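Trainee: First the structure, which I've put down as structure tokens, then a few questions once you've had a look.
Please treat every number below as a calculation from the coordinates, not as lab data. Being a predicted model, the structure only gives us computed values, none of them experimental. Glycine gets a Cβ as well: all are built from the backbone with ideal geometry, and neighbour counts include every protein chain shown.
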Amino acid sequence: MDFRLEATAPGSRARAARLRTSHNEVLTPTFMPVGTHAAVRAQRREDLLESGVQVLLANTYHLLLRPGLEIFEKFGGIHGFMNWPRSVLTDSGGFQIFSLPGSRTMREEGAEFRSYVDNQTVQLSPELSIAAQKSIGADIMMVLDQCVPSTVEHSVAKAAMELTHRWAQRCLDARGDSAQALFGIVQGASYADLRALSARVITDLPFDGFAIGGLAVGETAAEREDCTAIVTDCLPPDRPRYLMGVGTTRDLLEAVHRGVDMFDCILPTALAKQGVAFTSLGRRDLRRAAYRGMDAPIDPACACYTCKTYSIAYLWHLQRVHETQGWQLLGLHNIHFYQHLMRRMRAHILAGTWLEFYREQRELLDARDSYGPAVTHVTKAQRRKLALRRGRYEVVARGGVGHIRDTQSGETMHPVDDPQEEARSLYVAPARVVERLRGAEPAPLVIWDVGLGAAANAMATIAAAESLAPEQSTAIARPLSLVSFENDLDSLRLALGHVHLFPYLRHAAPHRLLTEHRWRSRSGAIEWRLLAGDFASLKFSAPPPDIIYFDPFSFKTDSGLWSLAAFRELAAICATSATELFTYTYSTSVRAAMLAAGFHVAKGAATGPKAETTIALSPRAAAAAHGHELLGEEWLVKWRRSDARMPFGATPDDLSWQDAISGHPQFSR
Ligand SMILES: [Zn+2]
């Protein structure tokens, strides 16, 4: 593969280059949309070509299972099969195997996993991965690597890295004299010494390019940027560099600044489905009511078909009525925006104006959506309470106990006498947190706390873990990894300003979490991380959970989180782990959405004013039982008669949920 470096920006490592594959000349930096199943979700090839896509990424793992390699052999590879005239890069399948933790065994020889299509055992060795990528006919093939979460211990990361190195050599041998390019992958989790060592070992081998793997799997943006810089520093300047699976537009800018040439990520299409657009004005979230009547393109600076043809108001409406065309049009815009952004980066690198561009774009890209709802009328009584307000939240004190109320929807978090008691009885106790932390398993117990709010659930969990190790000097038997998701930190800031009303916050952890987004107990056994932003997208980057506290505002306020589509995504993430999800609602349409998405659903404990709550179980968790009482025939009969039988967010053009619920395995026992 021919690679020519054209320019490096002064004061930066940002570079512009050209590389020639067997199908086209690729100008870098470049972004490769993800075509998992030999198609970019809901996008036509003409639109991809028009937006300037130069390379598509396809997933070997998925294509191996469906349609199967014999189809590619028949059609002359993926280019003939999908009629794609430009380059294709295939990943090796390593990342998919890693992201399905329950279903695979790693050996020196290779990985063994169960097919999600027909449950057959499939082997994937370095030799088989390369053979598959040869059949698919990718212009650029990737070596098989072993990915581990970026937060694992040093020894685990080291072992995975060493295996990756041995597999790299086997992939090179298996490639033989094929004209298809082959890239090596640098691993080493978040450890600087391992990353540097891995870069040295991999660059000693005759690869056509080098990738940085194992990022965007749980580390912070700062860790990711540091890690990228350490690796690019060790890579030879005369070969392309590819940062795998990253990221947001801001991530791309930071990585180009650190010397990366190629990227792929599902975000432009995955977030389009959630109603999120990347624009020259920052992110725009079409779930916001402020866009309802806005007569302007979603990005005034964009020349794509969507922006030339439709107003925001129309796109808002399509998203509101769950019209498929809505996310197709947003996806088209997002891909166009990414491609245009990469071309602008390249132009500034070539023109010698990169640093100014970089500094200016850092402030703009991914900035939070600033189009909040219209200002509401403030009464005198409300004005008096202003000290108790912050952003959209206010503190309400009842009998010496503080509650956080959302002033826009009127909803109050934990509207009970003792929020800590509710957190224990609804989440911590039924999830058997204490019992599970006593177990001696080496892997951390991963808890997702969806909707951090004023941290009532998180602090009840930390209190439970600390009760097992009162001195904080002795470690609890099993490490605890608590991951809180929150898109508006004002509620926690507000509560921390009124600690006398929220006494459970008298602890170093919440302060540290706000400032550094991470807190660790002195022994290191308890780790609490904050993923600030939308759960809809962040859930893809967090380690798979054992337990989920699902405690966002109700579907009146946070509608996207409760929809059938959202539960389907969550079910896919939890497909191979034993995940138990606890939530406060017992709404029929939410339970229907969970069942239709593939979860088993059980009755949760009564709490405060609620006679019942809900537990959703992944198939593996359901098989393990744990004494949860699954909804039975009786519920199904009531559901059939209910006005709320349609899962929240389901659309009339897809009625597959009816059969999915009626025929759900939990009712056929
Ligand atoms: Zn556009």
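Trainee: How large is the dipole of the chain about the Cα centre if only Lys and Arg carry +1 and Asp and Glu carry -1, each at its Cβ, rounded to the nearest 20 debye?
Mentor: 1400 debye
Trainee: Using only the alpha-carbon atoms of the range 576-657 as identical scatterers, what base-10 log of I(q)/I(0) does the Debye formula give at q = 0.12 Å⁻¹?
Mentor: With one equal scatterer per Cα and no solvent, log10 I(q)/I(0) is -0.35.
Trainee: What ranking, highest mean first, results for peptides 55-61, 356-362, 293-299 when packing means the other Cβ atoms within 10 Å averaged over each residue?
Mentor: Per-residue mean Cβ counts within 10 Å order the peptides as 55-61, 293-299, 356-362.
Trainee: Let me ask you something else. ³J(HN,Hα) across the range 69-81 via Karplus (A = 6.51, B = -1.76, C = 1.60, θ = phi - 60°), whole Hz, x for Gly/Pro?
Mentor: Coupling constants for the range 69-81: 5, 4, 5, 5, 5, 5, 8, x, x, 5, 4, x, 5 Hz.
Trainee: With a point put 7 Å past each Cα toward its Cβ, work out how far R512 is from R107 in nm, to one decimal.
Mentor: Here the answer is 4.3 nm between the modelled labels.
Trainee: Residue separation times 0.36 nm, minus the C-alpha to C-alpha distance between K74 and D295: what's the value?
Mentor: Taking K74 through D295 to full extension adds about 74.6 nm, to one decimal.
Trainee: Hey, could you get me the Stokes-Einstein D for the range 36-144, Kirkwood radius over alpha-carbon pairs, 4 °C and 1.567 mPa s, rounded to whole µm² s⁻¹?
Mentor: After rounding, the answer is 90 µm²/s.
Trainee: Now for a separate question. Tell me whether the range 114-245 comes out rounded, prolate or oblate; compute the Cα gyration tensor, take square roots of the eigenvalues as a ≥ b ≥ c, and use a/c under 1.5 as the rounded threshold.
Mentor: Oblate, since a/c reaches 1.5 and b/c is not below a/b.
Trainee: Next up: For the range 503-654, place one equal point scatterer on every Cα, skip the solvent, and apply the Debye formula. What is log10 of I(q)/I(0) at q = 0.09, 0.15, 0.17, 0.20 Å⁻¹?
Mentor: These q points yield log10 I(q)/I(0) values of -0.34, -0.88, -1.08, -1.35.
Trainee: What distance in nm lies between label points placed 7 Å from Cα along the C-beta direction at T651 and V156?
Mentor: That separation, rounded to one decimal, is 4.0 nm.
Trainee: Within a Cβ distance under 12 Å of R520, other residues only, what is the Lys/Arg minus Asp/Glu net charge?
Mentor: Spelling it out: positives minus negatives among the neighbours equals +2.
Trainee: If I model a spin label as a point 7 Å beyond the Cα along the Cα-Cβ vector, how far apart are those points for Y314 and D643 in nm?
Mentor: Result: 3.5 nm between the two label points.
Trainee: Right, next: Quick check on the range 465-559: take the gyration tensor over C-alpha atoms, sort the square-rooted eigenvalues as a ≥ b ≥ c, and tell me if it's rounded (a/c under 1.5), prolate or oblate.
Mentor: oblate
Trainee: Also, quick follow-up: Out of the GluC sites (Glu not before Pro) in the range 563-657, which ones are loop residues according to DSSP with at most 16 other C-beta atoms within 10 Å?
Mentor: Hits after loop and neighbour filter: E612.
Trainee: Next up: Can you tell me which of 322-334, 33-45 comes out highest on packing, and rank the rest after it, using the mean Cβ neighbours within 10 Å?
Mentor: 322-334, 33-45
Trainee: Let me ask something else. Neighbouring Cβ atoms within 10 Å as the yardstick, rank S668, S190 fewest first.
Mentor: Ranked by crowding around the Cβ, least crowded first: S668, S190.
Trainee: What does the charge count near F599 come to, summing +1 for each Lys or Arg and -1 for each Asp or Glu among other residues with Cβ under 13 Å from its Cβ?
Mentor: Taking every Cβ under 13 Å from that of F599, the sum is +1.
Trainee: Cysteines of the chain lacking any other cysteine beta carbon under 4.7 Å?
Mentor: C147, C171, C227, C234, C265, C304, C574
Trainee: Plugging the Kirkwood radius over Cα pairs into Stokes-Einstein for the range 320-359, at a temperature of 10 °C and a viscosity of 1.306 mPa s, what D comes out in µm²/s?
Mentor: Result for D is 134 µm²/s.
Trainee: How do 448-454, 391-397, 313-319, 421-427 rank on mean C-beta neighbours within 10 Å, highest first?
Mentor: 448-454, 421-427, 313-319, 391-397
Trainee: Report relative contact order for the range 95-210 in percent, whole number only (criteria: Cα-Cα under 8 Å, sequence separation at least 6).
Mentor: Computed over the range 95-210, the figure is 22 percent.
Trainee: Also, quick follow-up: Rounded, prolate or oblate: pick one for the range 77-118, where a ≥ b ≥ c are the square roots of the eigenvalues of its C-alpha gyration tensor, a/c under 1.5 means rounded, and failing that, prolate if a/b is larger than b/c, else oblate.
Mentor: Prolate, since a/c reaches 1.5 and a/b exceeds b/c.
Trainee: In deg cm²/dmol, rounded to 500, what helix-only [θ] at 222 nm does the chain give when every DSSP H run of at least 4 residues adds -39500 (n - 2.57) and the total is split over its residues?
Mentor: -10500 deg cm²/dmol
Trainee: Excluding T585 itself, what net charge comes from residues whose Cβ is under 9 Å from its Cβ, given Lys and Arg +1 and Asp and Glu -1?
Mentor: Residues near T585 contribute +2 overall.
Trainee: Return, for the Cα atoms of the chain, the radius of gyration and Dmax in Å, separated by a comma.
Mentor: In Å, with Rg to one decimal and Dmax whole: 25.2, 79.
Trainee: Still on this structure: I'd like the distance between the alpha-carbon centres of the range 394-445 and the range 250-308, rounded to an integer number of Å.
Mentor: Result: 35 Å between the Cα centres.
Trainee: Take the Cα atoms of the range 180-263, build their convex hull, and give its volume per residue in Å³.
Mentor: With only Cα atoms used, the range 180-263 gives 81 Å³ per residue.
Trainee: Of all trypsin sites (Lys or Arg not before Pro) in the range 524-629, which ones are in loop regions per DSSP and have a Cβ with at most 12 other Cβ atoms within 10 Å?
Mentor: Answer by residue number: K556.
Trainee: Still on this model: Looking only at the chain, where both bridge partners belong to it, what percent of the DSSP beta bridges are antiparallel (to the nearest 5)?
Mentor: The antiparallel proportion sits near 50 percent.
Trainee: Whole Å is fine, so just give me how far the alpha carbon centre of the range 165-184 lies from that of the range 559-635.
Mentor: Going from one Cα centre to the other spans 45 Å.
Trainee: What's the FRET efficiency of S523 with E363 using the Cβ-Cβ distance as r and R₀ = 45 Å, to the nearest 0.05?
Mentor: Once the sixth-power term is evaluated, E becomes 0.70.
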